[in-house]
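Peer 1: Provided herewith is a single structure, encoded as structure tokens, for subsequent inquiry.
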Amino acid sequence: MTEISLHLLDVLENSAKAGATRVRVFLGEDDEGENLVLEVEDDGRGMSPDEVSRALDPFFTTTPGKKVGLGLALLRGTAEAAGGRVRVRSLPGKGAVVTATFRLRSVDRPPLGDIPGTLETFVMCHPGIELDFTWKTRKGSFHANTRKQIPPGDRGSLDAVVAFAEKLSAGMKQAGFEPDKGGFDVEIETRS
Amino acid sequence: MKSRQDLERLREKTLEEICLRTASGAPRVVVGMGTCGIAAGARETLLAIMDELSKRRRTDVMISETGCVGLCAKEPLVEVTLPGQPTVVYGNVDPSKARRIVLDHLINGQPVTDWAVNVMPSPKEKEK
């Protein structure tokens, strides 16, 4: 995966497969401004303690007929390469929380990528899932919620999703979100 | 808008545009969104499909996604179904191919056979 937003989409797809009706996404810097934090919380079917302990194993999956489950393993690879980690918390029937941290200035931290496009894709394909998204850095913050911002009859409508994505994109830009080149870029900026 | 009739006409027009995604007769596009599809660029493909359909005012098309179907080397995979016609699965669909598939297959009803990796008969043909 070349962008953090692609990992986000992958984790969101896991939530959808787990039968979630509500997904909360937090993306932003921690209080010290040292780490980038990505957190996805869902109310899906959750995992047993055994499944949680093996969730990051690339050769473990709950999908019948498959032998590998690479999504979270790839996320762990990216996070650990960037000096961070991935934590999975879940209980059966109680949903799951996946938290990934990346050192903001690590040269191996990939760019954030197209976050609005990622969320647009997810909202289009899963009209029945409420997406609650928060973006927060020292530059500003932004919050969006599909249940509040898309009328019930319009969920799944192409026009409504495109309009939601445009607002999301404009709101995030206002809150200081801009396409970056990853940790390497931040490091150069800090030095100069 | 001057009267209740105007309002009702607007309602009907809007409902028609939305064309309730659950309608069985709607054309359907499914994009492979497993980890393999996402890594291969399925998001850009889907965004291109949405953009092209939005530009051409084809809001009746049902857009959906599926997980890994086991053909990871051909991702991004896009499946197009028109009512009563065979389902065509396209492989290695980048955004520019996606735009052409929307135009040729979804809008003009002509599958782009060069890029098809599988053709599945429609349920009616299966019955025969």
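The values are calculated or read from the model by the stated rules, or taken from the named source; none is laboratory data. No experiment lies behind these values; they were computed from the predicted model shown. Here the Cβ positions follow ideal geometry from the backbone for every residue, glycine too, while neighbour counts run over all protein chains shown.
Peer 1: Return the residue satisfying two criteria in turn: it lies in segment A:141-177 and is among the hydroxyl-bearing types (Ser, Thr, Tyr) and not in a helix (DSSP H, G or I), and of such residues it is nearest to the other protein chains (Cβ to nearest Cβ).
Peer 2: A:Ser157
Peer 1: Still on this model: So which of A:Gly69, A:Gly19 is surrounded by 15 or more Cβ atoms within 10 Å (Cβ to Cβ) and either within 14 Å of another protein chain (Cβ to nearest Cβ) or in contact with a Lys or Arg (Cβ under 6 Å, 6 or more places away or on another chain) (or both)?
Peer 2: A:Gly69
Peer 1: Tell me the residue from A:Met47, A:Met1 that is buried (at least 19 other Cβ atoms within 10 Å of the Cβ) and within 14 Å of chain B (Cβ to nearest Cβ), please.
Peer 2: Exactly one of A:Met47, A:Met1 is buried (at least 19 other Cβ atoms within 10 Å of the Cβ) and within 14 Å of chain B (Cβ to nearest Cβ), namely A:Met1.
Peer 1: Now a separate question. A:Asp10 is checked against (1) among the acidic types (Asp, Glu); (2) buried (at least 19 other Cβ atoms within 10 Å of the Cβ); (3) part of a loop (DSSP other than H, G, I, E, B) and fails just one. What number does that condition carry?
Peer 2: Only one criterion in (1) among the acidic types (Asp, Glu); (2) buried (at least 19 other Cβ atoms within 10 Å of the Cβ); (3) part of a loop (DSSP other than H, G, I, E, B) is unmet by A:Asp10, namely (3).
Peer 1: Which fully enclosed helices (runs of 4 or more DSSP H) of segment B:1-119 have 3 or more residues being within 12 Å of chain A (Cβ to nearest Cβ) and surrounded by fewer than 19 Cβ atoms within 10 Å (Cβ to Cβ)?
Peer 2: Of the helices (runs of 4 or more DSSP H) lying wholly inside segment B:1-119, those with at least 3 residues that are within 12 Å of chain A (Cβ to nearest Cβ) and surrounded by fewer than 19 Cβ atoms within 10 Å (Cβ to Cβ) span B:4-18, B:42-55.
Peer 1: Going by the conditions given, is B:Thr66 out of contact with any helix residue (DSSP H, G or I) (no Cβ under 9 Å at 6 or more places or on another chain), in contact (Cβ under 8 Å) with a residue 12 or more places away in the chain and of a type outside the set (A, V, I, L, M, F, W, C)?
Peer 2: It is false that B:Thr66 is out of contact with any helix residue (DSSP H, G or I) (no Cβ under 9 Å at 6 or more places or on another chain), in contact (Cβ under 8 Å) with a residue 12 or more places away in the chain and of a type outside the set (A, V, I, L, M, F, W, C).
Peer 1: Okay, next question. Restricting segment A:108-133 to residues that are in contact with a Phe, Trp or Tyr (Cβ under 7 Å, 6 or more places away or on another chain) and more than 14 Å from every other protein chain (Cβ to nearest Cβ), which is surrounded by the most Cβ atoms within 10 Å (Cβ to Cβ)?
Peer 2: Filtering first and then ranking leaves A:Arg109.
Peer 1: Out of segment A:64-93, which residues are of a type in the set (D, E, K, R) and at pLDDT 95 or above?
Peer 2: Result: A:Arg76, A:Glu80, A:Arg85, A:Arg87, A:Arg89.
Peer 1: Still on this structure, please answer the following. Tell me, please, whether a residue that is of a type in the set (Phe, Trp, Tyr) and in contact with a strand residue (DSSP E or B) (Cβ under 6 Å, 6 or more places away or on another chain) can be found in segment A:123-140.
Peer 2: yes
Peer 1: Let me ask something else. When you scan segment A:134-179, how many residues do you find that are loosely packed, with under 14 Cβ neighbours inside 10 Å and of a type in the set (A, V, I, L, M)?
Peer 2: Total satisfying the criteria: 1.
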